[in-house]
Amino acid sequence: MAAETARLIDFKLPSLGSDMDQGTIIAWRVAVGDTVAKGDVLLEVDTEKSDIDVEVWHDGVIAEILVEPGQEVPVGAVLARLTVDADAAADAAAEPGAGPDGGPDGRPGGGLGGEAAPEPAEPVTPTAAPAVVDAVPERSPAGPARAGASVDPVPDPRLVYWPSPSPSSTASPVPPVVTTPASKGAAPTDRAARRQAAVAALMERANREIPHFHLARDLDVTDAMQWLEAHNASAPPPDRILPAAVLLWAVAQAAHRQPAVNGTWSEGAQPSDHVQLGVAVHLRGGGLVTPVLPAAEEMTLGDLMGGLRDMVGRARAGRLNSSDTTPATLTVTNVGDGEADAVFGVIRPPQLGLVGFGRIAPRAVVIDGAVVPRTIVTATLSADHRAVNGHAGAAFLDALATVLSNPEEFAHEH
């Protein structure tokens with residue numbers, strides 16, 4: 001990269017969720033001098049609810065790392081600086097949300113700011129205790145991690161920092177594991193309890209601020225489940241589809257047709273052009289995360305199943321990336337693996353609604369005066385009464401029933 005065409009650009013801590021105010025740096029996956037490409041994972045951040053891999057949005061070279069592992073920093077804090085070519089710097093400045101108040105992904109304070117960085121900034125003052133070097137793991141020669149790629153496990157504790165090389169060095173240094181005394185010996189249950197407390201605080205806020213109302217409807221999914229059984233019987237394992245994927249796809253289609261429930265509240269209802277579908281995922285170690293399937297209404301059933309499989313795998317492995325944290329406009333929670341017939345959920349601010357599904361089970365149903373066995377799932381809608389009325393909520397559930405009663409529709413989309 002020619003020096004005369006290069007510029008420094010800030011890499012800021014993005015907002016990895018609508019309720020995120022700060023994050024704690026867990027590990028840097030790159031060192032000063034590393035060349036990175038759009039989509040590379042630069043670092044791992046603890047957001048209170050989950051650990052998230054944060055990707056870079058432009059090609060460049062790491063010029064400075066300003067924040068060390070163990071530090072808690074606010075959204076929008078400058079974490080590093082990249083050397084990029086002049087065209088990339090101009091593109092960053094032109095992107096919506098770029099600069100000090102936003103990032104290229106459109107989230108407040110996130111990503112790469114569009115302004116050049118003429119003077120080195122002082123590192124953010126750490127809020128963690130002084131660091132202690134404990135061990136020296138072997139660094140992979142492959143360079144920065146790609147989003148969604150598997151990463152070699154880091155010895156406990158989790159905090160890692162790859163320091164800057166000396167001016168005479170041409171190779172990246174071996175990364176020592178750096179931990180803070182507060183993190184040493186921390187039990188996994190402590191993190192689970194902390195994250196559950198964060199979820200509880202958000203739900204308390206939701207119940208306090210959002211005037212909820214709830215609707216429920218039993219949906220006949222007999223034909224849909226018969227189609228699914230036949231499909232899976234003849235499909236190789238990678239192409240098989242879970243009932244949960246069918247329900248998610250149907251929600252996305254119904255919300256696209258009846259958009260009143262799909263959006264957010266910010267000084268009034270803010271409708272969304274796409275169904276950014278949040279999926280509640282229970283973590284085996286405790287806690288709950290809600291990664292997002294972006295523009296889910298545009299996905300085929302097969303694509304949605306693939307995206308769901310990968311996303312849930314990342315969530316349960318603690319390897320979510322920043323693209324999984326696109327602000328959701330509607331969330332689905334599904335307790336179908338248990339014995340609950342229905343769930344009436346709490347809306348996650350600032351969304352307008354939450355869809356719940358109970359278990360899929362055979363029930364006796366009266367059709368044309370005769371009692372017949374059918375496969376039924378109870379769908380519920382929790383909606384924000386400031387933006388959604390009962391008629392609009394019922395219309396959404398009616399659209400959901402229509403989609404699920406016509407398996408040829410999603411069979412065609414597979």
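Please treat every number below as a calculation from the coordinates, not as lab data. The structure presented is a predicted model; accordingly, all values stated were derived computationally and were not measured. When we count neighbours, we look across all protein chains shown, and the Cβ atoms used for this are built from the backbone with ideal geometry, even at glycine.
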Burial ranking of peptide ranges 234-246, 360-372, 383-395 (average Cβ count within 10 Å, highest at the top): 383-395, 234-246, 360-372
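Could you work out the local net charge near PRO211, counting Lys and Arg as +1, Asp and Glu as -1, over the other residues with Cβ closer than 12 Å to its Cβ?
Working: positive: ARG208, ARG386; negative: GLU209, ASP384.
Charge balance in the 12 Å sphere: 0.
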3J(HN,Hα) from dihedral phi, segment 25-34, Karplus parametrisation 6.51/-1.76/1.60, rounded to Hz, x for glycine, proline: 6, 9, 7, 8, 9, 9, 10, 4, x, 6
Positive-pole candidate from ALA269, VAL281, GLY302, dipole of segment 265-414, charges at beta carbon: VAL281
Amide N proximity, segment 214-251 versus ASP398 label position 7 Å along Cα-to-Cβ, cut-off under 20 Å: 214-221, 250-251
Nonlocal amide H pairs with ALA340, under 5 Å, H built at 1.01 Å: ARG359
For a label point 7 Å along the Cα-to-beta-carbon line of THR300, residues of segment 253-288 with backbone N under 19 Å: 253
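If you take every residue apart from THR222 with its C-beta less than 13 Å away from the C-beta of THR222, what net charge results, scoring Lys and Arg +1 and Asp and Glu -1?
Combined, the nearby Lys, Arg, Asp and Glu give -2.
Output the relative contact order of segment 212-413, whole-number percent, from Cα pairs under 8 angstrom with separation of 6+ residues.
31 percent
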Karplus 3J(HN,Hα) series, Hz, for segment 288-295 with 6.51 cos²θ - 1.76 cosθ + 1.60 (x for Gly, Pro): 9, 10, 10, x, 10, 9, x, 6
